Each structure stands twice: as structure tokens, then as C-alpha cells.
Amino acid sequence: MQPSQYEHLTPAQAIAYQHDLRRQINLSPLDKPIQTVGGADISFNKYSEVVYAGIVLFNYPELKVIGTATAISKTKFPYISGLLAFREVPALLDAWNKLEVKPDLMVLDGQGIAHERRTGIATHFGLVTNTPSIGSAKSRLTGRYDEPGNHLFDQSPMYDKGEVIGIALRSKPNCNPIYISPGHRVSMEQSVQIIKNCIRGYRIPEPTRQAHLLVNKIRIDDGQNLNQQFTLFD
DNA sequence: GCGACAG
DNA sequence: ATCTTGTCGC
């Protein structure tokens, strides 16, 4: 199945595809230390099919920005809880394909295996690109957990059907936790450690945080261009 | 049937 | 997710 064809899938077909993807997940630990990480996110205007995708590359663990890539495309696939990847991955791949050099690992805004079928957007993206990936979500999709303590990096495991599917991590005191889960080709423990190394005083880890700022900027800029074009005619 | 429900 | 200013709390 080609991501460019996702918009033609029915929800039932998308779910069937997730069952297929699930069998390909590999959560064995990374064998080599990573030197670069990428953060990805998308943005869009309410009621619009236009999506703005962006990826920011950093060296690791210093986290200096070493590159970016963006893409603007359209999607017909609606937002359906549990099927987020079918809406966002195609646009992210457009940005991904523009990168001169691919990062050793990607951090996505959403779940990895902390998903009812273990196929959150981070897992989906990791499988499609055959790249190690981690999911860092701002809210819970599924799984039960006890609230982690209120100190930096306090954590609590998330369970679903008897297995640990993620970690609720206190990335900043007095803020809600973030939900970390491996996407593909990285272990649960490594995922948490890498995300902790990407926290820079904000609740959201730097890769995803910078990607979010980037896509919002290109979205606003794009809106400015539209107004500018109309202005040229009056 | 009811409540939950990534972005 | 997006629309948006001030405001309560650490």
C-alpha cells in the first residue's frame, strides 16, 4: 500500500492495514549510538484540506539544528482517533523525501505502540521509512497508568492488555506528563532515555517542539501570501 | 448501551 | 489540531 493512496481507504481498510503493519514492528534496541535526530509535525487551518508538514534535524545529544524540510499538500482523510497516521504520514513523507540526509532516529508528535493496535503514527512512520522512531504524545490514546510524581523525569508505566505499551513522563514539574512509546527499531528504555535527553526546559521535547514551531510558521506565511495576492489586485 | 477518543 | 487575552499558580 502506497501512502499516497491512503485517502482512498475506508476506515475499515485502514484498520486492516494496521493489523498488517503490526506484524512488522521491531522493538529490538538500537545497536549503534545515534548522532542525529529528527522531529516531525504538521499544521493546518481548521476546515481546510491543506496540511503543512515539517521535519527539523538536530545533532545528538547537543541538539543543534542542522537542517529542515517542509512540504505543503492536501489530504481527504479525516481525523479519526486511532487512524491519525493515514491523515498525516503522506504529508510527512513529502517533507522526508526532501531531506538530503536522513536522521538516525525520528520523534513524532503522537503515539508509537501506545495504540490499540500498536500502530500509532510514530510506529507507522518508522515502518514506512524503515527508520528508528519514537512517539511523544501530549495526551493519552489508550492504556492505564498511575499519575507520575511531580518531579522532573518522574515516570509511570502505561499498561494495556497486560503489557507495558508506554511511559507517562513528567517532562516538566507542574505540567501534565507526556506519553512516550517506541515506534520502531528502538526499545522502550532507549525511547525514554532519548526523550529525556531532548528536554530543554519545556514540557515538549525539542525535536517535536521545534517542528511544531516550524510548521506553524510556514502555515502563517502561506496565509500571508494569499492575502498578498488578493492585495495585488485591488 | 455508555464513556473514551493521539492530532 | 485551530480559534485567542488575560490570568492563576509555581
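Restricting the search to the stretch A:131-146, which residues are closer than 16 Å to A:Val89 by Cα, assigned to a loop (DSSP other than H, G, I, E, B) and either without any contact (Cβ under 8 Å) to a residue 40 or more places away in the chain or within 9 Å of DNA strand B (Cβ to nearest atom) (or both)?
Within the stretch A:131-146, none qualify.
Scan the stretch A:200-221 for residues that are in a loop (DSSP other than H, G, I, E, B) and within 16 Å of DNA strand B (Cβ to nearest atom) and jot them down. First the steps, then the outcome.
Initially, the stretch A:200-221 is screened for residues in a loop (DSSP other than H, G, I, E, B), giving A:200-205.
Hits for the stretch A:200-221 are A:Tyr202, A:Arg203, A:Ile204, A:Pro205.
Looking only at residues of the stretch A:181-223 that are of a type in the set (Gly, Ala, Ser) and farther than 15 Å from A:Gln155 by Cα, we find that the one that is surrounded by the most Cβ atoms within 10 Å (Cβ to Cβ) is A:Gly183. Hey, could you check the stretch A:91-108 for residues that are crowded, with 24+ Cβ neighbours inside 10 Å and under 22 Å from A:Leu9 (Cβ atoms) and say which is farthest from DNA strand C (Cβ to nearest atom)? Per the criteria, the residue is A:Ala95. Those residues that are within 12 Å of A:Pro207 (Cβ to Cβ) and among the charged types (D, E, K, R), I need them from the stretch A:15-58; list them, please. A:Asp41, the sole residue that qualifies. Any residue that is within 16 Å of DNA strand C (Cβ to nearest atom), more than 19 Å from the chain's Cα centre (by Cα) and of a type in the set (Gly, Ala, Ser) - is there at least one of those in the stretch A:39-57? Yes, the stretch A:39-57 contains a residue that is within 16 Å of DNA strand C (Cβ to nearest atom), more than 19 Å from the chain's Cα centre (by Cα) and of a type in the set (Gly, Ala, Ser).
Coordinate-derived values only; no laboratory data. Nothing here was measured: the structure is a model prediction, and the numbers come from that model. With ideal geometry, Cβ positions are generated from the backbone for all residues, glycine too; neighbour counts draw on all protein chains shown.
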